[in-house]
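Undergrad: Here you go, one structure.
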Amino acid sequence: MQLRSIRPENVIRVEYYDIPPARWATRAEVVVNITTRNTESGYVYGVDLISALDTGYIDTSAYAGYTKGYNDFGLEYTLHLRDYDSKISRNKYEYPLQGLSYSSDEKIKTHTGYANQPFTLRYARALPDDYTFQVKTNFMLYNDFEKNNGLSDFIQGNTKTLDASLHRSSTDYINPSIDVYFSKNLGKKDDLSVNLVGTLYNTQIYQLDKEWVTDTDEAIFNNEMHLKARQNGFISEVAHTHNFGSTNLSSGYRISTNSVANTLENLEGYSQYTVDYREQYVYSELSGKNKKFMYRLGLGLLNIHNKSAENTVNQWSITPKLILSYPINHRQNIRFTSKYIPVSPSSDALSSNVIQLVPHIVKRGNPYLKPEQTWSNNLIYSLNNKYLDVNLKLSYTYKNKAINQLFVADPTGGYVLTYENARNYHQYALELAGSVKPFGNDYLTIKINIKPASESIKTGSGIVFRNKYIQNFFIISSTYKAFGIDYYLNFPAFSLTNSFLDKDENANHVVVKYRYKHWTFSGGIYYIGSPSKYATKSLAGSLLNYNAEVHIDNNKSMWVVGLSYDFAKGKKLEVKKKLDNQTAPAATF
């Protein structure tokens, strides 16, 4: 949101890192650092709204900023709202148990929605070539809900019954946070940066799942879950950079903690427990240029310490990184990147919670998970001219002890959807991304992203799941004077998510825009001719056959209108943060 308030004529320099420096390497895939001019005073404000005409779909935001001398004040508010009363789902499970074949084929109509409302206040003071100070407070309100009723054809051997089901769920949390940043130049060749972030979550989750035989009212299962979680997160990071002239040496240390105190009531009764997560990261990076050849060599040491009532994991890992870049000419560039980094399991995956899905099948976390280690490699060719701005990327990703969700047999009977450390995961991919301007102007722009890939995962038991797909997305745009039109299209493909195949959300949208002074008016149709669709299915070799299909009828051929207003006077204070941290999201399972 803050970037929207920067007028193009005020920008001095934009630093774009699709391979971020070491200080951002574990937290972001892309970093944009913007330096702007400063004057005595200036102010900006604006609003942005897009809403459906006949269903619950609203995205809106508002911001304001005021600059006086070296001081900058700002506030931002955003609302994302969804409210759909016609989400149609079909979940089918087929599985053997005790010599019999079972099948649960459930059809559900759901009323679902959510509201996400972050509100931010910030203050910054920056003296050029001296220091930068910023404090930012954020307050987020989030809630979601699902209410549905369903019917299930349940087959046990040769016996078939019609079961009814009821599902209710809600999640509510309040999330205040504070972010303090300070950077100081120490002479002409050194600078020191410090970032402190603290967050608090108060989360309440409720879930009720019932199933019963319609003819006899005999209960099949009754799952009720209450979870209250109080979560505290803190990050502290300090970094130093020294300029040797042709090279720069950056070093830093970051510690992050996340503590979650849970009060849980579920199928297994009542419990109270605390889970603590801690990461420490020490890093150093040497970057420079030798003639036309550019390089970045990084080395870090990462400690992951996760402690729960059931298990403690304490792991140290070396995290090397290599980036080599060579400009063929002023329009072409070739780069090679390679990095290795461990990734800690999410709090959901580590949770000891348990819920009932269907008869004989439950879902639970795995407190004994270990971090996965990811090694990613990319060879990237870039071309930029009047007609083309494209990247061609050849990539290989390997994950050791990959965190994987799958069905396993329950020793007490039935099956469990849980997590494991798979033996490994591989992905080979070729990706073409960028834009084509056939006429060398904005009259016609074709943005493309095409990614053919081959991937496989080897589970802990040695089963190998393989998949090949071509992921794609296209945007066709045309701009003439104050008018513009964008058309969005994709052909959904199935890709591996854990030991399942997930299908991309379909896209078939058109949006027209008209700009008048500081105003922009827009209108369009989303999901032309078809509702949004989602699908998940198990692969051959899984213990169970599982298929899930979802479509939201509310947004079929959904008409939307939009309005935005952006105003700026004067020039913005310098916007430049060398450290930017975020704590873990809310623990919700």
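The values are calculated or read from the model by the stated rules, or taken from the named source; none is laboratory data. All values derive from a computational prediction rather than experimental measurement. Cβ placement follows ideal geometry from the backbone for every residue including glycine, while neighbour counts extend to all protein chains displayed.
Undergrad: Restricting the first residue to segment 221-233 and requiring it to be closer than 9 Å to Ala261 by Cβ, which pairs with a second residue that is surrounded by 19 or more Cβ atoms within 10 Å (Cβ to Cβ) and among the polar types (S, T, N, Q) meet a Cβ separation below 6 Å and a spacing of at least six or different chains?
TA: Ala229/Thr203; Ala229/Asn262
Undergrad: Still on this model: Give segment 313-336 a look and list any residue that's in contact (Cβ under 8 Å) with a residue 24 or more places away in the chain, surrounded by fewer than 17 Cβ atoms within 10 Å (Cβ to Cβ) and in contact with a His (Cβ under 9 Å, 6 or more places away or on another chain), or say none.
TA: Selection gives Gln315 alone.
Undergrad: Here's something else I'd like to know. Using the structure shown, decide if Ala409 is surrounded by 18 or more Cβ atoms within 10 Å (Cβ to Cβ), under 27 Å from Leu496 (Cα atoms) and among the small types (Gly, Ala, Ser).
TA: no
Undergrad: Okay, next question. Name the residues in segment 98-123 that are of a type in the set (Ser, Thr, Tyr), closer than 30 Å to Gly413 by Cα and without any contact (Cβ under 8 Å) to a residue 60 or more places away in the chain, would you?
TA: Selection gives Ser101, Ser103.
Undergrad: Answer yes or no: is there a residue in segment 203-211 that is among the β-branched types (Val, Ile, Thr) and over 28 Å from the mean Cα position of the chain (by Cα).
TA: Scanning segment 203-211, I find no residue that is among the β-branched types (Val, Ile, Thr) and over 28 Å from the mean Cα position of the chain (by Cα), so the answer is no.
Undergrad: List every residue pair whose Cβ atoms lie under 6 Å apart, where the two residues are 6 or more positions apart in sequence or sit on different chains, the first residue falls within segment 192-219 and is on the phi > 0 side of the Ramachandran plot and in a strand (DSSP E or B), and the second residue, located anywhere, is modelled with pLDDT of 95 or more and surrounded by 20 or more Cβ atoms within 10 Å (Cβ to Cβ).
TA: none
Undergrad: Of the conditions (1) surrounded by fewer than 21 Cβ atoms within 10 Å (Cβ to Cβ); (2) more than 27 Å from His305 (Cα to Cα), Gln356 clears all except one; give me its number.
TA: (1)
Undergrad: Oh, and also: Would you confirm, using the coordinates I've provided, whether Ile235 is part of a strand (DSSP E or B), of a type in the set (Val, Ile, Thr) and modelled with pLDDT of 95 or more?
TA: Yes, satisfied.
Undergrad: Of these, Glu106, Glu146, which one is buried (at least 17 other Cβ atoms within 10 Å of the Cβ) and over 20 Å from Ile361 (Cα atoms)?
TA: None of the others qualify; the one that does is Glu146.
Undergrad: Follow-up. Given segment 37-115, what strands (runs of 3 or more DSSP E) lie entirely inside it while holding 2 or more residues that are within 24 Å of Ile525 (Cβ to Cβ) and of a type in the set (Gly, Ala, Ser)?
TA: By residue number, 41-52, 56-68.
Undergrad: Right, here's the next one. Between Arg296, Arg278, which is of a type outside the set (Gly, Ala, Ser), touching a residue at least 12 places away in the same chain (Cβ under 8 Å) and in contact with a Gly (Cβ under 9 Å, 6 or more places away or on another chain)?
TA: That would be Arg296, the only listed residue that is of a type outside the set (Gly, Ala, Ser), touching a residue at least 12 places away in the same chain (Cβ under 8 Å) and in contact with a Gly (Cβ under 9 Å, 6 or more places away or on another chain).
Undergrad: Considering only segment 149-183, how many residues are out of contact with any Phe, Trp or Tyr (no Cβ under 9 Å at 6 or more places or on another chain) and among the hydrophobic types (A, V, I, L, M, F, W, C)?
TA: Of the residues in that region, 2 qualify.
Undergrad: Picking from Gly99, Gly74, which residue would you name as being at positive phi and of a type in the set (Gly, Ala, Ser)?
TA: Answer to the check: Gly99.
Undergrad: Right, next: What pairs come up if the first residue lies in segment 400-411 and is farther than 16 Å from Glu94 by Cα and without any contact (Cβ under 8 Å) to a residue 60 or more places away in the chain, the second is part of a strand (DSSP E or B) and of a type in the set (D, E, K, R), and their beta carbons are under 8 Å apart, counting only those six or more places apart or on different chains?
TA: Asn400/Glu372; Lys401/Glu372; Ala402/Glu372
Undergrad: So which of Lys393, Lys451 ends up being without any contact (Cβ under 8 Å) to a residue 40 or more places away in the chain, surrounded by 14 or more Cβ atoms within 10 Å (Cβ to Cβ) and basic (Lys, Arg)?
TA: None of the others qualify; the one that does is Lys451.
Residues checked against (1) part of a strand (DSSP E or B); (2) of a type in the set (D, E, K, R):
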residue: Arg466; (1), (2): yes, yes
residue: Ile470; (1), (2): yes, no
residue: Phe474; (1), (2): yes, no
residue: Ser477; (1), (2): yes, no
residue: Tyr488; (1), (2): yes, no
residue: Phe491; (1), (2): no, no
residue: Leu501; (1), (2): yes, no
residue: Val511; (1), (2): yes, no
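Undergrad: For the subset of segment 34-58 comprising residues that are at pLDDT 60 or above and among the aliphatic types (A, V, I, L, M), which member is surrounded by the most Cβ atoms within 10 Å (Cβ to Cβ)?
TA: Within segment 34-58, the match that is surrounded by the most Cβ atoms within 10 Å (Cβ to Cβ) is Val44.
Undergrad: Now a separate question. Pairs under 8 Å by beta carbon, first residue farther than 28 Å from Tyr77 by Cα in segment 126-149, partner among the β-branched types (Val, Ile, Thr) and not in a loop (DSSP other than H, G, I, E, B), six or more apart or different chains?
TA: Listed by first residue and then by second, the contacts come to Lys147/Thr110; Lys147/Thr112; Asn148/Ile108; Asn148/Thr110; Asn148/Thr112; Asn149/Ile108.
Undergrad: For segment 527-570, which residues satisfy the criterion of being under 30 Å from Ser41 (Cα atoms) and among the charged types (D, E, K, R)?
TA: Within segment 527-570, Asp566, Lys569 meet the criteria.
Undergrad: I'd like to verify a number: residues in segment 516-540 that are assigned to a strand (DSSP E or B) and in contact with a helix residue (DSSP H, G or I) (Cβ under 8 Å, 6 or more places away or on another chain), how many?
TA: Result for segment 516-540: 2.
Undergrad: Scan Glu310, Glu285, Glu268 and give me the residue that is of a type outside the set (S, T, N, Q), in contact (Cβ under 8 Å) with a residue 24 or more places away in the chain and buried (at least 20 other Cβ atoms within 10 Å of the Cβ).
TA: On inspection, the qualifying residue turns out to be Glu285.
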